[in-house]
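Okay, so here's the structure we're looking at.
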Amino acid sequence: PPPGDMGPYGPRGGGGGDGGMGGDAPPDCNVYVGGLSPHVDDGLLRQMFAPFGDIQGCNVIRDKASGQSKCFGFVVFRAPHFAQGAIGQMNGKFIDGKTLQVRLRDS
């Protein structure tokens, strides 16, 4: 998409060819988010974490056969301090009747 192209959750793009998983992102920028409600999609996940800093990509993991959310995903920030801020503010937060687990992605 052209630069500045706006989608429903802000600027479009940023997912990359790796599905937003940040395969080439530094490990200290890649954040695991567990305990998501089943209705959370990539856009809502981005919206939830955008206040903490620039996001390179985000992805809610889905079952390949059914397409149902597995209730976890990943957010890749552009800098480690954004990731740390998100972890500090969002880990343990109670949203939609579920407690989020937010931490750096396991290597």
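If only residues of the range 73-85 that are over 14 Å from PRO51 (Cβ atoms) and open to solvent by less than 40 Å² (accessible area, probe 1.4 Å) are counted, the one that is farthest from the chain's Cα centre (by Cα) is ALA79. Could you list, in sequence order, the residues of the range 86-105 that are under 22 Å from HIS39 (Cβ atoms) and open to solvent by 90 Å² or more (accessible area, probe 1.4 Å)? GLN89, LYS93, PHE94, ASP96, listed by residue number. Looking only at the range 74-107, how many residues end up being modelled with pLDDT under 95 and either among the aliphatic types (A, V, I, L, M) or in contact with an Asp or Glu (Cβ under 8 Å, 6 or more places away or on another chain) (or both)? Count: 1. Using the structure shown, decide if ARG62 is in contact with a Gly (Cβ under 8 Å, 6 or more places away or on another chain) and open to solvent by 40 Å² or more (accessible area, probe 1.4 Å). So ARG62 fails the test. A Cβ distance below 9 Å, combined with a sequence gap of six or more or placement on separate chains, defines the contacts here; from the range 59-71, residues that are within 12 Å of GLY34 (Cβ to Cβ) and touching a residue at least 12 places away in the same chain (Cβ under 8 Å) reach residues that are outside any loop (DSSP other than H, G, I, E, B) and among the aliphatic types (A, V, I, L, M) in the pairs VAL60/VAL33; VAL60/LEU44; VAL60/LEU45; SER69/VAL60; SER69/ILE61; CYS71/VAL60; CYS71/ILE61.
The values are calculated or read from the model by the stated rules, or taken from the named source; none is laboratory data. Fair warning: this is a prediction, and the values are worked out from it, not measured in the lab. All Cβ positions, even for glycine, are placed from backbone atoms using ideal geometry, and neighbour counts span all protein chains on display. Keep in mind that these areas ignore ligands, DNA and RNA; they rest on the heavy atoms of the full protein, side chains included. Shrake-Rupley method; radii C 1.70, N 1.55, O 1.52, S 1.80 Å.
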